[in-house]
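Heads up, the thing below is written out as structure tokens.
The values are calculated or read from the model by the stated rules, or taken from the named source; none is laboratory data. Everything numeric here is computed off the predicted structure, so don't read it as measured data. A quick note on method: Cβ atoms are made from the backbone with ideal geometry, for glycine too, and the neighbour counts reach across all protein chains shown.
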Amino acid sequence: MTVDKERKEPTSSYPAEWEQHRIVQSNLFRQQVETFLRPIPKDVQQRMERIAEALLLQPQDTLIDVGCGTGAMVPFIHKYIPLSHIWLCDCSEAMLEQAKKRFPECHSIHCDFLKLQQAPEKTTELDKVDVVLCNAVFGNFIDQQAALQVASHLLKKGGRLVVSHPMGRGFVQRLHESNPAMVPHLLPDRQAWQCLSWRSWRMTLEYYCDESELYIARLLKE
């Protein structure tokens, strides 16, 4: 497997195993760019509409789309807020470049979300946001607790973290079983979200949807 050309040595707060996972993810998704640019089926679009509705966006809100890929969720988000209020974040440069071509008005950050606090854009441009969206990406994080910590630090008080997947929790489980290197974790069920360990970042579960082909969990930053 080709090593990411932009690989940097991990810092003490970014373990070597995380860096290796980032490289694997980046390379896997680089090979799938064309797949993600294909037209989205109508039924999946309808479920993506429901995800966008669950964000509870107001016109003045700012949002970061974590693991944005080629920008599939952006048109649905843009129905509620301006493109200039959206930050695109992905560890795959190939994916992010396609998203930037499609939506040049959006801001962008090329980095692993777990390393966001160290990204130059975080210290110079990106401030607290109203919404962190993790759509079709939460199972890909090597450390879901670390992802929650970054999200909590990034959110304003009263902000919302939305973890979602338009194909459902069972779909992610099947991905995990077939390719654990790509999807090392499952999506949490209601009990897992309500467990004390998930609340340690001052976020509480306020909405949960677990249908056969749609998953949405919305957490409120206290």
Seminar exercise, completed: Given (1) in a loop (DSSP other than H, G, I, E, B); (2) without any contact (Cβ under 8 Å) to a residue 60 or more places away in the chain; (3) out of contact with any Ser or Thr (no Cβ under 8 Å at 6 or more places or on another chain); (4) surrounded by fewer than 21 Cβ atoms within 10 Å (Cβ to Cβ), residue 61 misses just (2)
Exercise. Are any residues in region 115-149 assigned to a helix (DSSP H, G or I), surrounded by fewer than 23 Cβ atoms within 10 Å (Cβ to Cβ) and among the aliphatic types (A, V, I, L, M), and if so, which ones?
Worked result: 116, 146
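Kindly check whether there is at least one residue in region 207-221 that is crowded, with 19+ Cβ neighbours inside 10 Å, in contact with a helix residue (DSSP H, G or I) (Cβ under 9 Å, 6 or more places away or on another chain) and not in a strand (DSSP E or B).
The answer is no; no qualifying residue exists.
Residue-wise test of (1) over 16 Å from residue 137 (Cβ atoms); (2) aliphatic (A, V, I, L, M).
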| site | (1), (2) |
| --- | --- |
| 55 | no, yes |
| 59 | yes, no |
| 69 | no, no |
| 73 | no, yes |
| 78 | yes, no |
| 82 | yes, no |
| 88 | no, yes |
| 91 | no, no |
| 97 | yes, no |
Exercise. Do any residues in region 111-134 that are under 22 Å from residue 51 (Cβ atoms) have Cβ atoms under 7 Å from those of residues that are modelled with pLDDT under 80, where the two are at least six apart or on different chains, and which pairs are they?
Worked result: 116/122
Problem set entry | Test: residue in region 83-94 that is at pLDDT below 95, under 16 Å from the mean Cα position of the chain (by Cα), buried (at least 21 other Cβ atoms within 10 Å of the Cβ) and in a loop (DSSP other than H, G, I, E, B) | yes
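Which of the residues that make up region 25-43 are part of a helix (DSSP H, G or I) and surrounded by 14 or more Cβ atoms within 10 Å (Cβ to Cβ)?
Restricting attention to region 25-43, the residues satisfying the condition of being part of a helix (DSSP H, G or I) are 25-30, 33-36, 42-43.
Once the filter is applied, which keeps residues that are part of a helix (DSSP H, G or I) and surrounded by 14 or more Cβ atoms within 10 Å (Cβ to Cβ), region 25-43 yields 25, 26, 27, 28, 29, 30, 33, 36.
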Problem set entry | Condition check for residue 181: within 28 Å of residue 81 (Cα to Cα), surrounded by fewer than 18 Cβ atoms within 10 Å (Cβ to Cβ) and more than 15 Å from the chain's Cα centre (by Cα) | no
Seminar exercise, completed: How many residues of region 181-222 are of a type outside the set (Ser, Thr, Tyr), farther than 30 Å from residue 27 by Cβ and in contact with a Gly (Cβ under 6 Å, 6 or more places away or on another chain)? The answer is 1
